[in-house]
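The values are calculated or read from the model by the stated rules, or taken from the named source; none is laboratory data. Being a predicted model, the structure only gives us computed values, none of them experimental. Every residue, glycine among them, receives a Cβ derived from its backbone with ideal geometry; neighbour counts consider all protein chains shown.
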Amino acid sequence: MSENEDGRPVEILLAEDNPGDVRLTEKALEKGKVLNNLHVVNDGVEAMHYLRQEGEYESAPRPDLLLLDLNMPRMDGQEVLGEMKSDEDLRRIPVVVLTSSGAEEDIVESYDLHANAYLTKPVDFSGFVDIVGSIEEFWLRVVKQPPK
């Protein structure tokens, strides 16, 4: 497995309230080629606390990538995206919307809120592994990101 250019594992934040999808993402990332630390939050409020390093997340590492579900309790993914991209400290963190919604209005709104990519979750495990592998390959190995 390879790591970041600076020799450390890639920090990935997954904002997902479905335990099954969390497990699928964990398994898919285990099969990948990039050494990573996956951190999971279960709703949008938790995601914002994590990103802002508040409360129990005060020592949380800054994510190199956010995998964001749209349909979460307390604060949905669109709200998280809006807050992140309007925050000078958070707006450069790449956000990949990874959701079950293929609705055109969700896609348009996500890009209007400056999502970096929008992917619909496949229903089968091999498709899910392929999607997560593509995310990993592109966002963690190919793309040049700004310094933290």
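Is the stretch 109-120 home to any residue that is modelled with pLDDT of 95 or more, acidic (Asp, Glu) and either more than 21 Å from VAL22 (Cβ to Cβ) or in contact with a helix residue (DSSP H, G or I) (Cβ under 7 Å, 6 or more places away or on another chain) (or both)? Scanning the stretch 109-120 turns up at least one residue that is modelled with pLDDT of 95 or more, acidic (Asp, Glu) and either more than 21 Å from VAL22 (Cβ to Cβ) or in contact with a helix residue (DSSP H, G or I) (Cβ under 7 Å, 6 or more places away or on another chain) (or both). Give me the residue from the stretch 108-129 that is in a helix (DSSP H, G or I) and under 16 Å from the mean Cα position of the chain (by Cα) and, out of that set, nearest to LEU70 (Cα to Cα). The qualifying residue nearest to LEU70 (Cα to Cα) is SER110.
Against the definition (of a type in the set (Lys, Arg) and exposed (fewer than 11 other Cβ atoms within 10 Å of the Cβ)), how does LYS144 come out, yes or no?
Values: of a type in the set (Lys, Arg): yes; exposed (fewer than 11 other Cβ atoms within 10 Å of the Cβ): yes.
Judged against the criteria, LYS144 is a match.
Of all residues in the stretch 31-44, those being surrounded by fewer than 16 Cβ atoms within 10 Å (Cβ to Cβ) and more than 29 Å from LYS144 (Cβ to Cβ) number 0. Of all residues in the stretch 95-115, those satisfying the criterion of being surrounded by fewer than 19 Cβ atoms within 10 Å (Cβ to Cβ) and within 21 Å of PRO63 (Cβ to Cβ) are TYR111, HIS114.
Only one of ASP124, ASP64 is surrounded by fewer than 19 Cβ atoms within 10 Å (Cβ to Cβ) and either at pLDDT 95 or above or not small (Gly, Ala, Ser) (or both). Can you tell me which?
On the way: ASP64 fails: surrounded by fewer than 19 Cβ atoms within 10 Å (Cβ to Cβ).
Step by step, each of ASP124, ASP64 is checked, and only ASP124 is surrounded by fewer than 19 Cβ atoms within 10 Å (Cβ to Cβ) and either at pLDDT 95 or above or not small (Gly, Ala, Ser) (or both).
Residues checked against (1) closer than 18 Å to VAL132 by Cα; (2) over 14 Å from the mean Cα position of the chain (by Cα):
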{"residue": "GLU16", "(1), (2)": "yes, no"}
{"residue": "PRO19", "(1), (2)": "yes, yes"}
{"residue": "LYS31", "(1), (2)": "yes, yes"}
{"residue": "LEU35", "(1), (2)": "yes, yes"}
{"residue": "ASP43", "(1), (2)": "no, no"}
{"residue": "ASP64", "(1), (2)": "yes, no"}
{"residue": "VAL80", "(1), (2)": "no, no"}
{"residue": "MET84", "(1), (2)": "no, no"}
